[in-house]
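Only one structure is covered here, and it is reproduced in the block below.
Laboratory data are not the source of any read-out in this text; all were calculated from the coordinates shown. The structure displayed is predicted, hence computed values, not measured ones. Note that each Cβ is placed from the backbone with ideal geometry, even for glycine, and that neighbours are counted across all protein chains shown.
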Amino acid sequence: MEKKVGRKKIKQEKQRHDPDDDNNPRNTSSSRYSDTSGLKDYVFHQIIPSFMYIWKHDQEKSYKHVDVPKSSAKNNMDPNDFISHLPDDILHHIISLLPFKSAVRTSFLSTHWKHLWKEALLDSVHDVITIEAAITAITSFVDDFDTRHRPRNKWGLIFELGHGRGSLVASISSNSSLKLDFSAGKQEFPMPFDLFLKMNIAPPNRLSRRYMFDWLLEENHPSQSEQPPSNTMRVKSLHLISVSHLSNMAVSSLVPKLPFLRSLTIAKCNGLQSLQIKEAKGLRKLVVLDCPHLQSLSFEGSSLKSFRYRGNLVSFRFRGKCNCFPLIRFCECGLLLDDAMIDIRQGALTQWTWDFEIETPFSRGLRKGNHCDCANKYKCFNSILRSIKDVQSLTMCRWFYETTMCKKLPFSSRCPKYYLSVLELWWIDCSMERESINALLCFLKLCPNLKRLNITLDPKCYNLPSTGKFSTSVIVPDKLDDLKVVKIEGFANEEKENFMARRLIPLFGENNPVIISKPNGKCLKHLVKMAKLEKKGKYPYKFEMVENVDENFPDHVHINI
Amino acid sequence: MLLSKNSALESKDNEIFEVEESIAIQSELIKTMTTMVNSKAYVNERNQMVPEARCRKQANYHVEQNNKIVDEELSDWESKFFEVDMDDLHELFMAANYLEIESLLNGVTKRVGDFIKACKNVEVIRQTFGINNDFAAQQEEEIRKLNSWNHI
């Protein structure tokens, strides 16, 4: 006989779409409850049998008593971990009390927690079956999203789209970013598609002095006349995850409806062949990550400050459009990047270009023209150098540098034409042989202001066999006055680490060399000067494990993307 | 002053608590049981076996909680009341859940929420609550990347 007649049962059997966790059946119960349930059984059967029939459950109770089920299946949860054993409803309640960021962070705790935040904070929508309708619903959700008076703690929507199209999770974060995640759908064979995004970004504040002349030339922008009420959400960044051929049209229809967009992120889109972004006047940041079939990326905008890319080296075409009145010499238009992540350790497509036209004809004088005579100016390091000239946070792969380095570029004997403004550099390579170290040191000659250097060795990185370009140019590296710390990661063994350290120490010059190594896992080792070794005449530097993680040296800003 | 009726609640380890009926009714479970038994006629009533080992401690807490009616005192007292360690919190949870006491459950939930908010990162949360990290390294990496949008 069912002993809990009338008690409200929670949806324990609800399927969570998570193909990864098939081997870890989630169960909120534990054996701890089994004995008490049994006893309850006895009590109810022996002493209060009559109650079984007349216990009514009050549907209007705001507090839902949840049935704590007996343990049936095995689970991987620690028996001391009581909080994960709590019924889902209570966990949802806890999560809904947290600020949004903390709530999303709970998904890291364990497999059991992975999807709880979504269930707690996102509205589930079942009657929407097409992606277009979902996008419309999202748009109206965003428009109605009142940042100050939200009646329920709901931060987004989950759409269960039928017909095998999976589900769409749309969530808004407190920092005005909207994320559309299509990844829960099953996409076995990604069909190729092209994503064309035409932005409709509202022009900047017209009263600001530098844009005074803007309005003379610009046509009447339709979104200007209707300013949304101040409480509503202005979506400033958009994150598109796993867009596919099914959803790309809907997504391109959404983008023009976000006039305040400042940042766009596109990640993990299987099947995406070409990405075209036009009229992105106000877009400051573009991030494209892990799109394995991407072949070309074209961007047209005027205020891009940050470009982060991870994937293959494809055909890049960036145009900075300047709409300013021609007499303005010092406008800020153009693609003056101060943050560039070029993580192309996966290698290059056969056809690739680096076509960055960052200067418009009117601004910044006449510093254009190619100083190099090499055949293909779009593959020459000179043009790459110009495009990353002002970048302060840079990620670069050695093979990219080496392959584009043209022998005709002046180096070592004469001063380079451009110096980079790089303050923190992340250098990616597959191994650190002598030649590779030479390449790095050669690159460092271009970075006199460097403060922090991160070196990562990734064995999966594309390996360009050494071309010997750098063997003659570098013997002693220049001293970097501002260099504070070098962090190295991924070295195979201590011998290689020491070898690297030896070559790096001269960079510090007079200053105390601070080199931190992270061989694998989480322990860090600092380079320490051992006085006794020095006395013995041996090489005095060694890597020692350090107890406290030094908080003064944060990681490169691109590392955790 | 009217003598309020007292109910006697017996816990699993056979300890009997006398509580005022108005307090006992805060628990939905007891309320339902009481209604069913139609116990109004009884002054001292021995209701039922409440087979929870933890109920003993909980009943004490509950009584104390409801004795403080004044609001300012209540919020102070509540914050002190819930400053207990994990094991106690767990017991409170179980008791609140079983006896269906909404205010107690809200209080404990809020406390757990505060704990989580106070933790600097996921690792600390795991240590505080003893949660076992059963992610494979790759899964963890994927989740981190998926959720990086929140922080950028």
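Go through A:K377/A:K469; A:K487/A:K536; A:K518/B:K117; A:K278/A:K460 and tell me which ones have a Cα-Cα distance over 25 Å in this structure. A:K487/A:K536; A:K518/B:K117; A:K278/A:K460, as the Cα separations exceed 25 Å there. Modelled this way, with points 7 Å down the Cα-to-C-beta line, the labels at A:D338 and A:F553 are 2.6 nm from one another.
Once the C-beta distance of A:I505 and B:A137 is scaled by a Förster radius of 30 Å, the resulting FRET efficiency is 0.35 to the nearest 0.05.
For each pair in A:K118/A:K281; A:K236/A:K451; A:K305/A:K479; A:K154/A:K236, compute the distance between the two Cα atoms and list the pairs where it is over 24 Å. Display every interim value, and only then the final one.
Working: A:K118/A:K281 34 Å; A:K236/A:K451 31 Å; A:K305/A:K479 29 Å; A:K154/A:K236 19 Å.
The pairs that break the limit, which is 24 Å between Cα atoms, are A:K118/A:K281; A:K236/A:K451; A:K305/A:K479.
Computing FRET efficiency as 1/(1 + (r/R0)^6) for B:S103 and A:F196, where r is the C-beta to C-beta distance and R0 is 60 Å, gives about 0.60.
Computed from label points 7 Å out along Cα-Cβ, the spacing between B:D114 and A:H92 is 2.6 nm. For A:K487, the residues whose amide H sits under 5 Å from its own are A:L453, A:N454, A:I455, A:I516, ignoring neighbours fewer than 5 places away on the same chain, with H placed 1.01 Å from N. Rounded to two decimals, the Cα radius of gyration of segment A:84-126 over 2.2 N^0.38 Å is 1.06.
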